[in-house]
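A short write-up of the structure that comes next.
Bear in mind that the values in this text are calculations on the coordinates, not laboratory data. The structure displayed is predicted, hence computed values, not measured ones. When we count neighbours, we look across all protein chains shown, and the Cβ atoms used for this are built from the backbone with ideal geometry, even at glycine.
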Amino acid sequence: MAALASAAAGAIHVAAIESHWSEWTPAGMFFLAVACFQLYWAALTVPFGNAFLSVAGVWANLGFLGLWGLSRSRGVSFGPHTNVPEAVEAADALTAALELAVIIGTLWTFLPREHHGVPSAAGYRFAASLAALTLGVTVMPGVSSALNHGGDGHSHEETGDGHDHDTETVPDMDEVTVELSEPTSTAGPDEEEGHTHAPGEEHE
């Protein structure tokens, strides 16, 4: 089950490589490395499961989860979105859940065998089939969300500096030109109409 969860998480990371690569090449390379590790770990764990692979899987997935939590809470301190938290999406939330399943499933194997028991051949096949079906259904929305990364569903939260970064309204230059071209007159109403009055003459 831990191997299947790792393979599912790796598949979601594979789907997210292209969009992250287009945003920032080191990010795409990181997702490629994570995907390769998770897929190869799953492929090696089933036939050659041993303590070294188990420990490596636990520590690696703990690191992936820690980095994910940091990027969603405070933002990473490097890259094009420095210290800007990313919004939680379906792809990364499902991937985090799968990585947690890898950790729990792997740690479970370290328990003494009499504590978790040994299933029969039929029970083992049933558990493996159920796990594969569950993870297969789970991975599909994760892959779909990862492929749409960078579209409408992907966003970075607003920085906490208290500033509004919306575009300010700029006045129309035609209106400014018209206002500047209009003459400013301080003459009274009589002078504007071209009328003059002799001293003592009243205006009708």
Burial-style ranking of 72-80, 137-145, average other-beta-carbon count within 10 Å with highest first, yields 137-145, 72-80
Rounded to the nearest Å, the spacing of the alpha-carbon centers of segment 1-20 and segment 52-130 is 11 Å
Extension length gain for Leu147 and Asn83 (0.36 nm per residue less Cα distance), in nm, is 20.6 nm
Given backbone amide H placed at 1.01 Å from N, residues whose amide H is under 5 Å from that of Val76, ignoring those fewer than 5 places away on the same chain, are Asn83, Val84
